[in-house]
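K.L.:
Take this structure first; my questions come after.
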Amino acid sequence: MKQQIFEREIHVLRDTFRRLMRRHAHTNLIKLIDKTHPADMAVLFRYFDLAEQEQLFALMRPNELTGDFLTELDESILQDLLAEISADRIAELIAPISASDQAEILNHLPDEQSHDIIDLLKKEEAEELEEILAYPEDSAGSLMYTDVFTLHEETTARDAIAALQHEEEAEMVFYLYVTNDDNQLMGIISLRDLVTTSPDTLLKEIMIRKVHTVRPDTDQEEVAQVVSQYNYLAVPVTDSDNNLLGIVTVDDVVDVIREEATEDFLKMAGVGKDREILLKSSWGNAKSRLPWLFASWLGGIAAATVIGLYENILEATIALAAFIPVIIGMGGNIGTQTSTIIVRGLATGRVNVGNNMKILLNEIRVGLILGVLYGVLLGLFTSIWFMDVSPNLGIVVGLSITTSMLIATTIGAFVPLFLYKLDVDPAVATGPFVTTSIDILGVTLYFLIASLLLPLA
């Protein structure tokens with residue numbers, strides 16, 4: 001229901017913008033832009049063509065709302081929109097926002113264009129921005145806010161509150177970060193603890209000394225795990241000497257979780273990892289999916305070859321052909337289920353080095369239970385429906401579905417764990433790799449069992 005209301009509001013906004021653009025009512029357009037939330041503006045731009053986008057973007061003024069709008073835009077739209085915009089104009093628009101948000105925008109632009117924009121920013125801003133851009137794109141360093149409100153450990157609660165009241169630029173002051181003379185992080189204090197303590201109490205007496213921190217080169221997915229596991233609103237970023245470099249806030253972590261989950265699902269579906277695949281051209285979309293489908297095609301050729309090798313068995317017992325889709329389908333489904341569970345468990349931290357063997361054995365047991373259950377059901381059905389064929393046909397089909405599902409769960413669980421141990425993204429295992437290998441093995445086992453238990457004449 002909420003989704004329907006949101007879509008209705010967006011459509012009303014879209015029609016209003018288009019009506020004002022047709023009338024060239026620039027004053028009203030500027031007012032409407034200022035009243036529309038940056039995130040909603042970013043969604044609206046998906047409905048406009050490039051000419052409409054450029055017309056609206058030309059009316060936007062250099063303020064924090066415009067900067068937030070640029071960070072919310074889809075990558076492909078942002079690149080198209082800024083491709084023909086002068087470096088002066090872009091620098092003017094992103095100047096009011098934080099260095100981490102500036103870095104997020106510039107990371108999507110060509111290097112030459114990014115360097116031109118950095119050269120136009122104030123010296124202090126440019127230095128801070130270059131420092132953030134030096135970190136890997138998907139790291140804590142690229143996400144962190146460097147403008148952090150800190151207080152010395154010898155400060156009293158009264159002075160801390162007074163200092164906080166005069167602070168306007170600090171990001172996420174739900175926590176106070178306590179440092180020593182060398183800017184080393186000594187502890188944190190929540191605002192609640194600060195305002196409920198005695199005014200003369202020193203910060204070092206009430207601060208929490210055990211602080212979970214991350215390094216600037218820590219992968220953003222690990223940062224998201226820390227924030228979600230401990231329910232933090234922000235996590236500090238420190239160097240090897242424990243000097244405080246910045247903080248990664250929960251709003252950025254939410255975006256990371258969404259991006260990483262989307263990327264994993266796309267990989268598991270075998271369509272690459274481009275999170276904006278829906279916004280790509282038909283050719284670009286097809287090109288990103290081509291390699292994965294080619295892997296499935298090769299698997300299909302291999303499975304067809306296996307079937308061809310056992311042509312004599314098929315000719316002797318035509319009924320075997322009826323169960324090939326069932327063998328392939330059941331094995332592929334349970335294998336995909338298992339690998340999806342394992343990949344998601346690895347992403348959320350529920351599956352780790354300490355319990356991976358336990359998880360693997362548990363999934364094998366699940367495959368055995370389900371395999372035996374469906375093997376008995378399918379075997380009974382086959383014996384009744386194909387009563388005039390060999391009495392062993394039910395045993396062949398039942399045994400094949402059991403072994404196929406058992407092997408499928410084993411592969412579906414083992415491959416992601418193995419790739420994770422090799423430091424390879426396990427999500428790639430869930431798509432064509434697992435399903436194709438299961439199809440080939442399932443068909444091969446089916447005919448091997450049939451060749452052993454069924455008469456050829």
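The values are calculated or read from the model by the stated rules, or taken from the named source; none is laboratory data. Since we're looking at a predicted model, the values are computed, not measured. Every residue, glycine as well, gets a Cβ built from its backbone with ideal geometry; the counts of neighbours run over all protein chains shown.
K.L.:
With 357, 330 as the choices, which residue is assigned by TED's automatic domain parsing to the domain that holds residue 409 and within 10 Å of residue 417 (Cβ to Cβ)?
P.N.:
Details: 330 fails: within 10 Å of residue 417 (Cβ to Cβ).
Just one listed residue meets the conditions, 357.
K.L.:
While we're looking at this one, here's another question. Hey, among 95, 87, 42, 83, which residue is among the hydrophobic types (A, V, I, L, M, F, W, C) and without any contact (Cβ under 8 Å) to a residue 12 or more places away in the chain? Full working, then the answer.
P.N.:
Details: 95 fails: without any contact (Cβ under 8 Å) to a residue 12 or more places away in the chain; 87 fails: without any contact (Cβ under 8 Å) to a residue 12 or more places away in the chain; 42 fails: without any contact (Cβ under 8 Å) to a residue 12 or more places away in the chain.
Criteria check complete, one pass: 83.
K.L.:
Still on this structure: Can you tell me which residue among 95, 103, 99, 91 is surrounded by fewer than 19 Cβ atoms within 10 Å (Cβ to Cβ), not assigned by TED's automatic domain parsing to the domain that holds residue 238 and not charged (D, E, K, R)? Spell out the reasoning first.
P.N.:
Working: 103 fails: surrounded by fewer than 19 Cβ atoms within 10 Å (Cβ to Cβ); 99 fails: surrounded by fewer than 19 Cβ atoms within 10 Å (Cβ to Cβ); 91 fails: surrounded by fewer than 19 Cβ atoms within 10 Å (Cβ to Cβ).
Residue meeting the stated conditions: 95.
K.L.:
I would also like to ask the following. Can you work out which of the residues in region 168-190 that are surrounded by fewer than 19 Cβ atoms within 10 Å (Cβ to Cβ) and within 27 Å of residue 96 (Cα to Cα) is modelled with the lowest pLDDT?
P.N.:
So, considering only residues that are surrounded by fewer than 19 Cβ atoms within 10 Å (Cβ to Cβ) and within 27 Å of residue 96 (Cα to Cα), the one modelled with the lowest pLDDT is 171.
K.L.:
If you don't mind, there's one more thing I want to ask. Out of 237, 211, I need the residue that is over 19 Å from the mean Cα position of the chain (by Cα), at pLDDT 90 or above and not aromatic (Phe, Trp, Tyr). Which one?
P.N.:
Checking each option against the conditions leaves just 237.
K.L.:
I've got another one for you. Considering only region 97-138, state which residues are polar (S, T, N, Q) and more than 19 Å from residue 72 (Cα to Cα). Show your work before the answer.
P.N.:
Looking only at region 97-138, we keep the residues that are polar (S, T, N, Q), and these are 98, 100, 102, 107, 113-114.
Scanning region 97-138 gives a single hit, 113.
K.L.:
Just to be sure before I move on: is residue 382 under 20 Å from residue 446 (Cβ atoms) and in contact (Cβ under 8 Å) with a residue 12 or more places away in the chain in the structure I sent? Step through it out loud before you land on a result.
P.N.:
On the way: under 20 Å from residue 446 (Cβ atoms): yes; in contact (Cβ under 8 Å) with a residue 12 or more places away in the chain: yes.
Here the answer is yes, as residue 382 does meet what is asked.
K.L.:
Every residue in region 337-395 that is surrounded by 19 or more Cβ atoms within 10 Å (Cβ to Cβ), hydroxyl-bearing (Ser, Thr, Tyr) and over 16 Å from residue 412 (Cβ atoms), please.
P.N.:
382, the sole residue that qualifies.
K.L.:
Taking region 119-146 only, how many residues are outside any strand (DSSP E or B), under 29 Å from the mean Cα position of the chain (by Cα) and surrounded by 14 or more Cβ atoms within 10 Å (Cβ to Cβ)?
P.N.:
Within region 119-146, residues that are outside any strand (DSSP E or B), under 29 Å from the mean Cα position of the chain (by Cα) and surrounded by 14 or more Cβ atoms within 10 Å (Cβ to Cβ) number 14.
K.L.:
Is it fair to say residue 70 is more than 20 Å from residue 21 (Cα to Cα) and not aromatic (Phe, Trp, Tyr)? Walk me through how you get there before you give the answer.
P.N.:
On the way: more than 20 Å from residue 21 (Cα to Cα): yes; not aromatic (Phe, Trp, Tyr): yes.
Answer is yes for this residue.
K.L.:
Got a number for residues in region 213-234 being in contact (Cβ under 8 Å) with a residue 24 or more places away in the chain and not in a helix (DSSP H, G or I)?
P.N.:
Residues meeting the conditions: 9.
K.L.:
Something else about it: Tally the residues that are within 17 Å of residue 145 (Cα to Cα) and out of contact with any strand residue (DSSP E or B) (no Cβ under 8 Å at 6 or more places or on another chain), restricting the search to region 161-214.
P.N.:
Selection size over region 161-214: 5.
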